[in-house]
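Structure record follows, encoded as structure tokens.
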Amino acid sequence: MATATDTRLQAKTISPALTVNNLQQSVKFFEGLGFGVEERWEENGTLLGVMLRAGETRIGLSQDDWKKGRDRQKGVGMRIVVGTEQNIDQLATQAKQAGVALDAEPYDTPWGTRAFEMTEPSGFKLTISSE
């Protein structure tokens, strides 16, 4: 079994790509957290997806085409954790002022960081945490 110090992959970033129920709602949610739209993908004037960026972190969003059904649950069994050196309490206040509902107000974690939690409109769970 490989340990963290001898793995072959030396990744610097990870960029999840989420298929969302309502692209415009999800973009507004992430903008409320401080992400900006870096790229847009359109076809015949219809927005199909975006790449969002905050610092060096990127998250891709694409509009669900509903080919797998409208009742499929999103975000089950996963959580996206965004690490930052910024003040967590200030970020949470800014998110709330932008209309983002928090699932958990800022709290101290058992491992010595500070974090707050929210759910993206399609059901994806996010945590913003100090590093």
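The values are calculated or read from the model by the stated rules, or taken from the named source; none is laboratory data. Note that the structure is a prediction, hence the values are computed from the model and not measured. All Cβ positions, glycine included, derive from the backbone under ideal geometry; neighbour counts span all protein chains shown.
In region 54-70, of all residues being of a type in the set (A, V, I, L, M, F, W, C) and either in contact with a strand residue (DSSP E or B) (Cβ under 9 Å, 6 or more places away or on another chain) or not in a loop (DSSP other than H, G, I, E, B) (or both), the one that is surrounded by the most Cβ atoms within 10 Å (Cβ to Cβ) corresponds to LEU61.
Restricting THR7, THR13 to those that are assigned to a loop (DSSP other than H, G, I, E, B) and within 22 Å of LYS125 (Cβ to Cβ) reduces the list to THR13.
Each row is one residue, and each column tells you yes or no for (1) in contact with a Pro (Cβ under 7 Å, 6 or more places away or on another chain); (2) at pLDDT below 95.
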site	(1), (2)
ASP89	yes, no
ALA101	no, no
PRO121	no, no
ILE128	no, no
GLU131	no, yes
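Hey, does region 31-40 have a residue that's at pLDDT below 95 and over 18 Å from GLU117 (Cβ atoms)? Step through it out loud before you land on a result.
Narrowing region 31-40 to residues at pLDDT below 95: none.
No, every residue in region 31-40 fails to be at pLDDT below 95 and over 18 Å from GLU117 (Cβ atoms).
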